[in-house]
Every structure is written in C-alpha cells, then in structure tokens.
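Inspection log for the structure reproduced underneath, given as structure tokens.
The values are calculated or read from the model by the stated rules, or taken from the named source; none is laboratory data. Given the structure is predicted, the values throughout are model-derived calculations rather than measurements. Cβ placement follows ideal geometry from the backbone for every residue including glycine, while neighbour counts extend to all protein chains displayed.
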Amino acid sequence: MRTDRGLTDLAATLADGQAVDWAALEAELGSEAERALFRQLRVIADIAELHRSIPDEDGLDESALTATPAGDTEPEPEPSRGLATTPVGDAAAADEVDLGTWGPYRLLRALGPGTLGRVVRATDHLHRDVVIRFLPTPSAPEVAVAFLATGQALARVRHPNAVEVYGAEQHDDQTGLVMEFVDGRSLDQVVVTQGTFSAREAALVGWELCRAVAALHREGLAHGLLSPDNIVREAGGRLVLMDVWPQGVPIEALDLEAGTLPFLAPEVVSGDPPSGRSDIYGLGVVLFYLVSGAYPVRASSLGDLAGHYERGERTPLADLRPDLPDDFIRIVERACDPDPDRRYSTIAGVKEALSRTLGWDTWTRKQPVVTAAIADTPSSSTAPLALATPIPTAPPRPPTPYGLVAVAVAAIAIGGFVAWSLLPRITGLLRQSASLGVRGAGATTGTPAEVRLALGSATGADPALTPLVIEQLAQDLSSSPPFRVIAPVAVEPMLGQPAAAIMHAVDADVYVDVAVTRRGTGMQARLDVVRAGGQTQSIQEAMTGITPLREFTATLTQRVVTELAATEPGTRPTLRTELPLDNPEAMQAYTLGQARLGRGGRKEVEEAAESFRSATEAAPEFVLAYAKWAEALLSLYRHNALRADEALPLAQSVISKALSLDDRSAEAYAALGDLYAERHNLEQSERHFRRALSLNPSCEYARIRFAMLLAGRGRVEEAVEQVDQAQKLNQRSSLLRGYLGATLHYARRFDEAARTYETLLRLDSQYTAAHIGLCKAYTELRRSAEALAACQSVGAERAAEDPFVQSQLVKIHHDAGRPREAQQALTQLRLLYDARPTGDGAFWIALAYVSLGDTPHALEWLDKSIDANSSRLAYARVDSRLDPIRRDPRFIARMARIDKGTPVVDDPPARPPASR
C-alpha cells in the first residue's frame, strides 16, 4: 500500500461499494501524506455508505407518511413542513395548480404555512423550480427588516448541506425569499417509514449537519429551528438543512407546530434569541430522535414545554435505547443538556466528538497551534497569535505524484456532493504547507497613518439591533481619514472566532467587537477595541428611552476615535451622514436596495432605484439613500433603461439634495464624479472621485467608478490598483470581483478576465452581470460555443439590453465563419434600433459593422452614438472591439470629438446642512 497505485485501487474499491479492511490497510501506509488522504477516503466511504443505506422511494404512497413505527408509543408525527421539499414522485406534479404570478415567478402550489408566512412552489423565468417564502401581510416593520436581513445573510451561505437562497424580492406589495427547490423527504419521514437509525448512521448524519450549521454560524446566523422536519434528504443522497428562524423575530411571531417544540432549547423558550448553543441543543435532540423516534421532552404547547423545563422533567436516551454505545449516548446527552454552559461550546466540538465515536482520526482533531507575531499599534512589540484554522506542518517532501491526484478525483465519484465539498481539504493535503505571514500596523497600505479597522458582532449581542449599529459606526469611522474600515460583510463569516484570528483573516490593525443589547426602554453597548498584539480596551455606554439613537451612535464613534488617539482636527469623522436606525420602513427599503444594486443586472438595478426612492420618502434627510439612488439612476442609464435626458438631470437633482444635507458625503461626491464621467467631463470627474476618497478612503462606490474612469482613459494599471484597494476592504464583494474582471478585460488580459468571471459565478451564481463579462471575454478568445451560451444567459437573466447581445452575436458568428447567422443578428439589431433609437443602440450597431469589416458604416453609426451621447463612449479608448479601426485617422478624429465632452454640469450648490 506504499504506492500511489494502492490508494487509487482503494478509491476504485470504494466506488464499487465493496467492503474494506481499514485497519489492515492503514498498517501498510508509508507516508504521512498517504495516511492523511487515507483518512479522508474513509470519511467519504462512511458517508457514502449512509446514503446507500437510505434508499430512494420513487412513487412513495403519501398515506404511508402518517404511519407509526412498530413499537413506538409516540403520537403520530405532523406532516413535514420543510420549506423546499415535496414527496418524491409524480404525485406532487399532478397536484400542481397555477396560482398566478409574482414578479417573474409562476406560482404553482402552496407547500404549507411555514414558521413565518406561507410557502409556495414556483418556477422562474428560466423554468427553474424554486420555493418562495412570503412575509405575512401585514407585518410589523421590525419583522420585515429581520426577514430581509436573514434572507441576505442566507444568500451569502455557500454550502452543499444548506439550502441555497437566491435572493429577497418585492413584487405586488409582497416580500419573499426565493430559494432552491429540494426534491426529497424529510428525516422525520424517513424515520416514520423506515424506522429508527443506528448510532453510526445517526452520527454520520450529525457530522454532515455540523458542517451545514457551522456555515450558518460563520455568517452570523443561528438556525433556531433544527428538527427532522427541516432536514431533507434529496433523491441523490444529499442532506439539506432548510428553514431558519429570522434573526430578531420574537418567538411569539412564529407559527410553531407541536412537532417543532421539543427541539427548542430551554433558554429560547424563556425568551432568549436563538444562538449557537441553542442550535447545539436542537442538533442533540435531532440525534436523540433519529435513534429513538422520541424526544427528551414532549409537549403540546410552549407553556407546557416551559413547565417541563422548569420541573426538570426529561427522558434519558439510555432508558429508551440501552443498546447504544455509551460514547454516542454521552455526546447526545451533553449536546441537549438543559444548561447551556454544560453543552458543547461550539458546533465544531460536536463534530469532533462525532468523529471520535465514528473512529475517524481526521482533521477535526486539534492540531498544534501555529503562532505568529503581530506588531502592536503604535509600538512594534509582538505577541503570539493563535490562528483559527491551524496549518499542520509536514517535513519537506517530493512534488505530489499524479497518482494521488487520481485518488482525489476518484473520491469525488464516491461521495457525490459530500466528496465535492471535501475536495479542497483533500487537495490541500496534497500541497506543500506554506508559511503564514502576518502584517503589523506599520505595514498598512497607503500612508503610515492609516489604520485598518474591522467591526463585528459579539457573541450574545442583540442580532437585530447590533448589525445596524455596526453599519452606522462603519459609516462614521470611514469618514475619518486615518481609518480604512473593512466592510462588515467581510467580517461576518469569522464571527465567533478569536479577535486575533479575525484580524489576521481580514488584515486588520484594530478589531472592534460590538455588543448592543436592549435595556428596558433604552439600550446598553459594549465595545471591545482590540489592537494588533492583543491589547484590549473596553468601552461601555448606555442610553435611556429618551436619548435619540443617533446621539447614542455618535457618542460611540467619538469614543472609539478617542481610544485610538485619532484626535487631530482633520481626523475627526463627519457625523452628518446617518442611517435612520429608528425608522424601520426607511431601513428596510435601503437594505433591500443595497442587496439589489449589488447584483449588477438591469432588472435588479431598476428595483434598487425604486427601493432607494422609497427610502428617501420614508426618511427625507436620508443622505446615503439619495446618493445610492443617484448611483442606481446612473447605472440604469448605462444599462440603457433610461435615456440621458431622463437619468442625468434626475441624478443631478438627487445629488444636489444629498450634498445640501451633508456637504462632506463621500458617496454623494462619488455619484457626482460618476455623473461628470457620463457627461465626458473627465477632469471634473476625476477631481470629484478624488474628493470622495479624501473624505472616505473606504468608499467602495468611489473606487470602482474611479477605476472605470481610469480604464476608459487607458490608465488600466491604475484602474486595477483602485479595484484592488477596494477588494482589500471587502474580500467577499461580488460587485468588486465583477469590476476586477472588467479592468482585466480592458487591459487585454482576456484569459484572466474569463477566469475571474467564472470564479465569480461559482461563488455567486446570482451575480447576473458576470454573464456579460463572460460573453465579451469568450468572444475575444474566440471560444464561440461558450460565448454563445454566455450571451444566452445574458438575455435569460435580463442582465443587459438585447442590442448588446445581438451585437455580440454578429462578432461571434463572423469570427466562427458563419456569415449568414452574423447578417441575421445584424438585421435583428437594426430592427431593435428602429423600434427604440438610442445612443447605446447606435454604438452597438457601430461595433457590429466593425466586426464585419465595414468601416464606413461603422463610422456612420459611431457618429450617431456621439450625437446621442452614448454611455458606452466612455470606454471607446480601450474597447477591444474597436481595435480594427483604432489607427484609422477618421476614428482618431471622432475620439477627439468625444474627448471634448458635452456641456459641463454645474456642481450642486453647497448649502449648509439641514438642522437635525
């Protein structure tokens, strides 16, 4: 077994489902690399065996779902309420009834009431099955805000065992979360129809669920509703965790059925919000149920359940299943202990315990802690840093043999989704361990005075209130020149880890751990300011019910600034750009607009503009909403959804309003720079972008649009640097990855641009604008089949206007030697222009004629686009599609005409900020 061939044969044996003598084989392993990979294969084999042991039951008789297992004295279980599940087979399809439409979705069949609002199966415009969870109407504003916030957090979760949320949308005055449709049976149904699990089967299920729950916890979410009803086994074997308790919604607002009650932790029943510890309790009860078909505590109502908890009445697992291994019983009893302090402290602890009872010596074992030095601020003293994910060290060894790679590939076939999710770990074991460098405060980018600051929510903080306060603190602190504030969304996946690990992960000099809790009619805040090297200072502040929330957050900001010794006059932040935290309606609209704007597609930007407009109506002094509204309007102009005479004057008016309220709003100056760019007044545009970045170096909008201005002027390397600076403050931003792809494209680095867009779509399948980039990059690389598929996706996702697609099709077909198809696309392009003549439409026709080698017609249509002030002209200097005529004197003359620009828009008047 000391050869690559031995491990490859082992993988083949597992794929065939044959028995393996693991102990004998392990004794033959020669190197640590082989042993590590061997252990991964054993994990996958065990999980694959579990999936084989639970057969799919096509055509299942739905009446069987109410049967009670033999010998079980529990009451009949409630029907499954898993949000995205349906019984397997054709019966479900036969019951489909057209319930009308909701936005682009066709509603097919009600799946049940859900824990918060009704749940409906639907199809989208791609004929893809989805499930929509509707917010009840009417709902309190704070419930709506929590509903949307939870949906946005869930949309960031990427894990094969967690249901994928596609987004939060509003149509017809209804708000809904759109998520994947999972065709399968709940674990409750599996237990009812097939009986209870063995300890090993339950441990394997629990191990997979730990990974899914950990993914939620990394996004700052507690599941809150762990139960067999909410865990679905897909037809192919994948276990999927469904439903989530909307963060911040009280238990009284949820429609909880009796079958869900036993899985609620005592502290949740008492009124505390769900937490990581309560999820551990729910998981423990799930394991209890899988092996026994019963619960530690059974109740018919919340009051009944609370009474059982107060009296300490519960059934030990050993009384029901004395045949189970002692170590498994101990794991379950500790996980669902009524006392939170006696449970496992983290979900990783449960996973490690389950690994031991399964006999796996895997990566869940604790590894020696790797330490590194971090420079303190402002001195250079050092202190050890314990990393959240230790890297096991290994002696130098030869390059990885190709046979081991083959083993990893074979492993994928064994475990399906599970193996795929483990592949990064397996391939990581095949690479040489790398040393980990840690930056100190003195290594910040930019000037030596810069301080990279991150903010995150502390354990036990109010999950609805704390993120809002963090958002306001980030806004305030980012307007103080010494600070580079890392986007809170980039910090969220690390929440719950040690501060030093978070600081290392996001490359921060300072981490502020924020906990805000309600205190009667007021609130209490505790901020732990952690400097590199481990020095911590706590800040505590309280407010009464009569204290304005804005005054409270402003005080917190000033105390952080003072604590970090940033007290010179030029370093104090402006506190005028505020979020209306006490106006749920405005915050809901603003949050929804932010989420939509980040998707980048035309349809999403249209909806974002409407959301920001609604936010300004709800809060007329909401500066950021005005600035974002202007940003959306200018984006709609670039999408050709609005004409120049519609978008630009309205954007100018909105920017004027923002600057009249706050003449130091970086976002408003960024929008002004963007407006000048669309007017082709490049000098003024650059001046205002630089003004925005001087006011707020962390302003993402200023950096990405400034990058596009620089790219359009041929200063591509400067553009890439601007996007890189923005990415350092928000490593998780799909929007920034999209702009990086665009700048790489303008730099003629088409292969890199294509790989950037491909990676982006793997990480965020809902970022529709990436299809535009792929269509362009594949076209330039002459990968015609892939370019055609990407263009079709652009049209299907409504990511761009149809003329763009037809113009690309002209080039794709011409380059592929299909002249007839190219002429057909050109004819369609001309028809679209005749129906709606626009500057951008003329530009797309000009590009089509360039592709066909017809320069006279190309120049004629380029003139029309210049006359109509096409938004695409900003990039004519670097657009690769114009390269065939770039040296033509007639084209150079037209470029000079473009550079003169259209009449300059006046700066909005700088009026004193409105009194507050």
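In table form, for the structure just shown:
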quantity: Where Ala212 falls short, out of the listed (1) farther than 30 Å from Glu610 by Cα; (2) in contact (Cβ under 8 Å) with a residue 60 or more places away in the chain; (3) of a type in the set (A, V, I, L, M); calculated: (2)
quantity: Criterion violated by Thr827 - all others in (1) surrounded by fewer than 15 Cβ atoms within 10 Å (Cβ to Cβ); (2) within 28 Å of the chain's Cα centre (by Cα); (3) hydroxyl-bearing (Ser, Thr, Tyr) satisfied; calculated: (2)
quantity: Test result for Ala719, crowded, with 18+ Cβ neighbours inside 10 Å, more than 20 Å from the chain's Cα centre (by Cα), outside the structural domain of Val485 (by TED's automatic domain parsing) and in a helix (DSSP H, G or I); calculated: yes
quantity: Which listed residue, of Ser275, Ser292, is among the hydroxyl-bearing types (Ser, Thr, Tyr) and within 27 Å of the chain's Cα centre (by Cα); calculated: Ser275
quantity: Subset tally (residues that are of a type in the set (Val, Ile, Thr) and more than 22 Å from the chain's Cα centre (by Cα)) for the range 165-196; calculated: 5
quantity: Hey, Glu142 in contact (Cβ under 8 Å) with a residue 60 or more places away in the chain, surrounded by fewer than 22 Cβ atoms within 10 Å (Cβ to Cβ) and touching a strand residue (DSSP E or B) at 6+ places or on another chain (Cβ under 8 Å) or not; calculated: no
quantity: Complete set of residues in the range 294-323 that are under 17 Å from Pro228 (Cβ atoms) and touching a His at 6+ places or on another chain (Cβ under 9 Å); calculated: Val297, Arg298, Ala299
quantity: Among (1) buried (at least 23 other Cβ atoms within 10 Å of the Cβ); (2) within 25 Å of His125 (Cα to Cα); (3) not charged (D, E, K, R), the one test that Ala777 misses; calculated: (2)
quantity: Set Ala874, Ala846: member being under 29 Å from Ala647 (Cα atoms), in a helix (DSSP H, G or I), at pLDDT 90 or above and not hydroxyl-bearing (Ser, Thr, Tyr); calculated: Ala846
quantity: Near pairs, Cβ below 7 angstrom, 6+ apart or cross-chain, from the range 318-346 (among the charged types (D, E, K, R)) to any residue that is modelled with pLDDT under 85; calculated: Asp327/Thr357
quantity: Extreme residue, farthest from the chain's Cα centre (by Cα), among residues of the range 841-870 that are more than 19 Å from Glu780 (Cβ to Cβ) and surrounded by 24 or more Cβ atoms within 10 Å (Cβ to Cβ); calculated: Leu862
quantity: Count of the range 742-764 residues which are closer than 18 Å to Glu604 by Cβ and in contact (Cβ under 8 Å) with a residue 24 or more places away in the chain; calculated: 4
quantity: From Gly415, Gly428, residue being at pLDDT below 50 and more than 24 Å from the chain's Cα centre (by Cα); calculated: Gly415
quantity: The range 125-164 - residue that is among the basic types (Lys, Arg) and more than 16 Å from the chain's Cα centre (by Cα) and, of those, farthest from Ala586 (Cα to Cα); calculated: Arg128
quantity: Exclusive hit being modelled with pLDDT of 85 or more and assigned by TED's automatic domain parsing to the domain that holds Glu333, set Ala235, Ala258, Ala214; calculated: Ala214
quantity: Elements of type strands (runs of 3 or more DSSP E) contained in the range 183-262, each with 2 or more residues being touching a Gly at 6+ places or on another chain (Cβ under 9 Å) and small (Gly, Ala, Ser); calculated: 184-186
quantity: Residue list for the range 680-714, filter: in a loop (DSSP other than H, G, I, E, B) and closer than 24 Å to Gly598 by Cα; calculated: Asn696, Pro697, Ser698, Cys699
quantity: Matching residues, the range 727-752, being closer than 18 Å to Ala876 by Cα, outside any helix (DSSP H, G or I) and touching a helix residue (DSSP H, G or I) at 6+ places or on another chain (Cβ under 6 Å); calculated: Ala747
quantity: Condition broken by Ala800, with the remaining ones in (1) of a type outside the set (Lys, Arg); (2) closer than 29 Å to Tyr701 by Cβ; (3) part of a helix (DSSP H, G or I) satisfied; calculated: (3)
quantity: Enumeration of residues in the range 508-522 that are touching a helix residue (DSSP H, G or I) at 6+ places or on another chain (Cβ under 7 Å) and assigned to a loop (DSSP other than H, G, I, E, B); calculated: Asp509
